[in-house]
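To start, the structure itself, in structure tokens.
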Amino acid sequence: MPSDVTHLQSTPSCSIGQEMPPNSQRNPNQHHFLVAVTLMSLCACVVSIIALTGEHWLEATAILTERLRSHVNYGLFKGSVQRQQLASTLKFTLSLVCDFEANACMYSCQQDINRRQMDLRRVLKGHDLEPCEQKRSVFAESKTLSQLPQLYNNSQILLNALALNGANIKASSCMPSALYLCSVMFLSLGLVFALLSFSCACINLKWHPVERIFNIYGLYVWNAIAAGCYFWSLTLWGAMFGHHLSYNIAITDTLRQQLNFSSEGYASLGYSYYFVIVSVLMHIINLILLFVRHYSLESQPHQMTHNVTIDDSEQRLEFY
């Protein structure tokens, strides 16, 4: 019997629908591509988590006078204010508060959630805010707000109507909650798909998944979606910065009517924003590595089907 026929009879058969690897042993060069993709995906996940939890999406200086200014930085959820007042430095914590019905968000220096919500309501109504150095009872504040309509006489109501335009200007200085929410949502989705990319890369280092979403083709999909989500997050935050935050950083000091700090022209994007750009570049590098791996495989001479052997000792992962 010819030798090639004998070889075919001794070769184990493959089940229908499974992809046969081109060689019984992994090509070391191709394996190096997968290792690089795995490490790059891990770095992209770490950088994205740092960016998501960081407090440097925006950095700014808020100025009241030449001798009284504050250095501000905040992230997607929290931040801080360092105020240089004469020879002393005061530090306050900023926390995000939003009213999605009014499409407004701000960073309040109040430590209590009720006080922060009250600050935002006062901004939307055109009322003045308490300085960060002062504390007021929530009960007293709510009682005052509830008694305002009874205390105002007709002349005061008329004055409030005349000042309505100024109140609208203050309300427009807040962050648009729709842009903020979409930016955070796309960043979170990008992190989810980055984690899927890393998990899929780890699986392909050890096994040969049959399903396309878990094998090499899945790496293309997860990396492309993660890069796209990060891109939209950067675009939306950049649009909000260009149209709103570059003129008013929307914190307690810049939104109150009395002793109003100015931040126009003193704000810039922080390094947490640029970390997301690094994550986008890492996912693009992953796609480039996968394409180079694909063309490297295509450039290799194809072996005849009857010369292909399968090493049954190497595990193949199947999801059912």
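The values are calculated or read from the model by the stated rules, or taken from the named source; none is laboratory data. Everything numeric in this text was worked out from a predicted model, so none of it was measured. Quick reminder, even Gly has a Cβ in these numbers, built from the backbone with ideal geometry, and neighbours come from all protein chains shown. Ligands, DNA and RNA are stripped out before the accessible areas are found, and what is left, the full protein with its side chains, is counted by its heavy atoms. Shrake-Rupley method; radii C 1.70, N 1.55, O 1.52, S 1.80 Å.
Against the definition (in a loop (DSSP other than H, G, I, E, B), among the hydroxyl-bearing types (Ser, Thr, Tyr) and modelled with pLDDT under 95), how does residue 320 come out, yes or no? Working first, answer last.
Details: in a loop (DSSP other than H, G, I, E, B): yes; among the hydroxyl-bearing types (Ser, Thr, Tyr): yes; modelled with pLDDT under 95: yes.
When the stated conditions are applied, residue 320 passes them.
Return yes when residue 99 is at pLDDT 90 or above, of a type in the set (Asp, Glu) and under 22 Å from residue 55 (Cα atoms) and no when it is not. Criteria met by residue 99.
Being farther than 16 Å from residue 248 by Cβ and either buried (at least 16 other Cβ atoms within 10 Å of the Cβ) or out of contact with any strand residue (DSSP E or B) (no Cβ under 8 Å at 6 or more places or on another chain) (or both) is a property that does not hold for residue 69.
Working only within segment 103-117, note down all residues that are touching a helix residue (DSSP H, G or I) at 6+ places or on another chain (Cβ under 7 Å) and surrounded by fewer than 16 Cβ atoms within 10 Å (Cβ to Cβ). Break it down into steps so the answer makes sense when it comes.
Of the residues in segment 103-117, the ones touching a helix residue (DSSP H, G or I) at 6+ places or on another chain (Cβ under 7 Å) are 103-106, 108-110, 112, 114-115.
Across segment 103-117, the qualifying residues are 112, 114.
Of all residues in segment 250-302, those satisfying the criterion of being open to solvent by 50 Å² or more (accessible area, probe 1.4 Å) and of a type in the set (A, V, I, L, M, F, W, C) are 259, 275, 277, 278, 281, 284, 285, 288, 291, 292, 297.
Taking the criterion of being in a strand (DSSP E or B) and open to solvent by 60 Å² or more (accessible area, probe 1.4 Å), no residue of segment 41-58 qualifies.
Scanning segment 214-225 turns up at least one residue that is over 13 Å from residue 287 (Cβ atoms), in contact (Cβ under 8 Å) with a residue 60 or more places away in the chain and open to solvent by 50 Å² or more (accessible area, probe 1.4 Å). With the condition kept exactly as written, say whether any residue in segment 259-270 is in contact with a His (Cβ under 7 Å, 6 or more places away or on another chain) and modelled with pLDDT of 90 or more. Yes, segment 259-270 contains at least one residue that is in contact with a His (Cβ under 7 Å, 6 or more places away or on another chain) and modelled with pLDDT of 90 or more. Within segment 200-239, the set of residues being assigned to a helix (DSSP H, G or I) and among the charged types (D, E, K, R) comprises 206 only. No other residue among 159, 187, 181, 120 is open to solvent by 60 Å² or more (accessible area, probe 1.4 Å), at pLDDT 90 or above and either touching a Ser or Thr at 6+ places or on another chain (Cβ under 7 Å) or in a helix (DSSP H, G or I) (or both) apart from 181. Taking first residues from segment 47-69 that are farther than 22 Å from residue 183 by Cβ and partners that are of a type in the set (Lys, Arg), the Cβ contacts under 7 Å between residues at least 6 apart in sequence or on separate chains come to 61/69; 62/69; 63/69. Among the residues of segment 226-249, the ones that are open to solvent by 10 Å² or more (accessible area, probe 1.4 Å) and under 30 Å from residue 63 (Cα atoms) come to 12 in all.
Being modelled with pLDDT under 90 and under 16 Å from residue 267 (Cα atoms): is that true of residue 67 here? Spelling it out, it is not the case that residue 67 is modelled with pLDDT under 90 and under 16 Å from residue 267 (Cα atoms). Filtering segment 73-104 to residues that are in a strand (DSSP E or B) and of a type in the set (S, T, N, Q) leaves 73, 80, 82, 84, 85, 88, 89, 93, 95.
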